[in-house]
Every structure is written in structure tokens, then in C-alpha cells.
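Have a look at the structure below, then the notes.
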Amino acid sequence: MLYSRIIGTGAYFPEKILTNADLMKMVDTDDKWIVERTGIHTRHISAKNEATSEMAYEAAKEALDMAGVKASEIDGIIFPTITPDYILPCAAAVLGGRLGISGPFAFDLNMACTGFICALNIADAFIKNGQCKTILIATGERLSTVTNYSDRATCILFGDAAGAAVVRADTKHGIRSCSIYADGSYGDLLYMHGMGSTYLANRDTMNLDDEMIVMKGNDVFKLAVRAMSDTAAETLEKSGLKSDDIDFVVPHQANIRIVEAVAKRLEVGMDRVIINLDRRGNCSAPTIPTALDEGIRSGKVKFGDNILMAAFGGGMNWGAAVLTL
Ligand code: UT7
């Protein structure tokens, strides 16, 4: 039987840190509100010349190193991002160029926070159908470039980061089950219109500063809890594993209260949830691979552990994956 396994992970965070105290100088907010309502203390902000693909290059190098895989062995690159360097060429192609790879496919994936789980699902399918042996999933986001820093309901949440994973064909169990869903009728709950063709066609009347990320946070919150919990429970059942078999949950982290509600529904204690939101903020697609990488490098998460991932993001879309590392 052919399976696909994550055999290496990597993470990169820009040097600059934005604290709650910094945000208090920018909008009407306070540290206590941010910590109690979101769980976030700090987030990273990319430098002006620090491109998404450059951050992803650093994370990808770490993932390849851990996996013991050379760039020349990669059969394809999937790059979940909503903040690519450019619209064209895509970030995956730019990263492939940086890695010196010529030939294998390279495409971006616009699934916001659910991007990593969707990429895992695609990589799993490519590997199981025999089309690829080794796939690099590299994610990078510069959410700071699309955040409205006068909107206190969103600017406190987001951070910049890159995360990567090498997925390879194996005869041992790896990815056991994945689910991904979308419902475009919720598109007005979380969106970013700037630089899309509708914006560009009307750029004489639309102001780019008004077209940054917009979110109806409370509505998104309720949907996120329900969709992440339901999908995680369904994907766990599909995997054949039980809640007790899961060593760690590595969730998307938009808000600690969402994560706690999902963990409760899954009957998993918070000691079995890998958290990096407190230091990194909500980084969209890189959140899951960076949290996983931090878990592995700290020695908490080990190869052989059973992992449950769940995410929810703009689209709206959501998904979950159960795997053995
Ligand atoms: O990444 C995937 C998608 N994103 C998410 O899943 C994010 C989901 N949503 C959230 O995390 C939360 O809804 C937020 C953190 C965005 C907001 O927290 P909330 O507990 O849902 O607050 P709220 O929007 O219901 O607002 C409650 C109050 C309001 O004041 P009034 O109307 O009660 O006087 C807000 O104006 O909190 C106020 N508020 C703030 N106060 C201080 C909103 N943002 C802030 C702030 N500082 N930064």
C-alpha cells in the first residue's frame, strides 16, 4: 500500500516583533482586551524588502534539511498564500527558481487559513496516484501588507510567517484522512478586494487603503468553531482513529477561544494542543506548519505521533487532516 508522509518541516519568522503595547499606540485597544479576547501577545512583521517567497525559501530549506531531501528530488511545489510576491509569476514558481528547481509543477493555492490542509490533501492525492514521489508544500504570508492598521478588530490578530513541509511517498502510514469544504455564500464575512481585477478595473474610484482585509469577526468566530469542530470530528472518524489515539492537535490559530472550543468538542485537553498564536498571532496558511515545526523542534512532537489538524479561513472554507508523522 502506498501512503504519503510528512518527513520534514520548517518555519521562518521575520525579525521585527509587533507587541500589544505597540498596537496600543496605533489604535484604541489595550493589552488586557487583546490577551483575554484572542490570546495573542506578539506577532512578527516582515521587513519592507522581505518577500513572501524569500521567507518561504528559509522555511523550505529547513524542511528539506530535516527530511534529508535535495531540492532536485522535489516533483512539485504547492504554495498556499493570499499574499504572493506578485500575481504573476506565482509564488511557487518564484520559490522554485530560488531553490534552483526547473521542471516540476509549481502553483499557488488561495485558500487563506485552510491552505496548508488543502495542499496536504492535494499532495496526498498526487502521491497516491503515482504522479509524484516528493512534494514540497511551502506557505508564506505577509498579512501586514494587507492589514488595515486603523481597524482595531483585525490589526491585533495578524502576523507574518512562512512554514513548509516535505511530503513523500512511503509504505508506512502517514496521511490517513483529509476533508476540505467551502461555502462562497459567506464570502462577505472575511474578504480582501485590493489588487483583484474588480479593484484594478475600478482603481480610479476605489481606494486601495479601503480594500485591505475586512472581517465580521464575531460571525466568523461562530462559524469557525462549528465548522472546525464538525470537520475535525468527521475526519477523525474517517481516519479510523479515536480521540484518545491523537497525540497532538495542531489547529489553525485565529483566536485561542476558538481553539479551546474545538479542543473541548474533540475531548482533547489543551496540553495536547500545539499553540504558537501567543507569540506569532494569526499567520493564515503558515500557522499549522509553523506550529507543527515548533512542536517537533522543541521535542514535544515526535515522528510516529498521531496528529489532527483543523482550519477555517476566508472564502469561507474549512478542513481537517489526520496523519501519523
Ligand atoms: O483566521 C481565520 C478567520 N478569522 C477568525 O477566525 C477570527 C474570528 N474572530 C475573532 O477572533 C474575534 O471575533 C475578534 C477577536 C475579531 C473580536 O472579538 P469578539 O470577542 O468577537 O469581539 P466583538 O467583535 O464582538 O466586539 C466586542 C467589543 C466591541 O465593542 P462594543 O460594541 O461592545 O462596545 C468592539 O468594538 O470589543 C470591541 N473591540 C475592541 N476593544 C478593544 C473590538 N476590537 C477591539 C480591540 N480592543 N482590539
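The values are calculated or read from the model by the stated rules, or taken from the named source; none is laboratory data. Everything numeric here is computed off the predicted structure, so don't read it as measured data. A quick note on method: Cβ atoms are made from the backbone with ideal geometry, for glycine too, and the neighbour counts reach across all protein chains shown. SASA here: full protein model, heavy atoms, side chains in, ligands and nucleic acids out. Shrake-Rupley method; radii C 1.70, N 1.55, O 1.52, S 1.80 Å.
Rolling a 1.4 Å probe over the heavy atoms of the protein chains gives the range 167-266 an accessible area of 53 Å² per residue. Among 189-196, 106-113, 67-74, sorting by the average number of other beta carbon atoms lying within 10 angstrom of each residue, highest first, gives 106-113, 189-196, 67-74. Taking only protein heavy atoms and a 1.4 Å probe, the accessible area of the range 3-172 is 52% carbon and sulfur. Of the heavy-atom accessible surface of the range 177-324 (probe 1.4 angstrom), what whole percent is carbon and sulfur? Result for the range 177-324: 51 percent of the exposed heavy-atom area is carbon or sulfur.
Starting from the coordinates of the alpha-carbon atoms of the range 3-172, obtain the Kirkwood hydrodynamic radius over all distinct pairs and give the value in Å to one decimal. Don't skip to the end; give the middle numbers.
Values: mean 1/r = 0.0598 Å⁻¹.
Value: 16.7 Å, from the Cα pair sum.
For 33, 318, give me the order by solvent-accessible area with a 1.4 Å probe, most accessible first, ignoring ligands, DNA and RNA.
On the way: 33 120, 318 45 Å².
Largest accessible area first, the list is 33, 318.
From most to least packed by mean Cβ count within 10 Å, the peptides 265-271, 254-260 give 254-260, 265-271.
Order these peptides, 200-211, 118-129, by their mean beta-carbon neighbour count within 10 angstrom, highest first.
Values: 200-211: 11.1, 118-129: 20.8.
Order by mean packing, descending: 118-129, 200-211.
Per residue, the solvent-accessible area of the range 1-152 (1.4 Å probe, heavy atoms of protein chains only, all protein chains present) comes to 44 Å². Adding -39500 (n - 2.57) for every DSSP H run of four residues or longer, then dividing by how many residues the chain holds, sets the calculated 222 nm ellipticity at -10000 deg cm²/dmol. Inter-part distance, the range 154-189 to the range 25-42, computed on C-alpha centroids, equals 26 Å.
Roughly how big is the chain's charge dipole about its Cα centre, with Cβ charges of +1 (Lys, Arg) and -1 (Asp, Glu), in debye to the nearest 20? Computed charge dipole of the chain: roughly 600 debye.
Histogrammed with a bin width of 10 Å, the alpha carbon distances of the range 177-324 distribute as 11, 38, 30, 14, 6, 1 percent, first bin at zero.
In the chain, the C-alpha radius of gyration followed by the widest Cα-Cα span (Dmax) gives 18.5, 57 angstrom.
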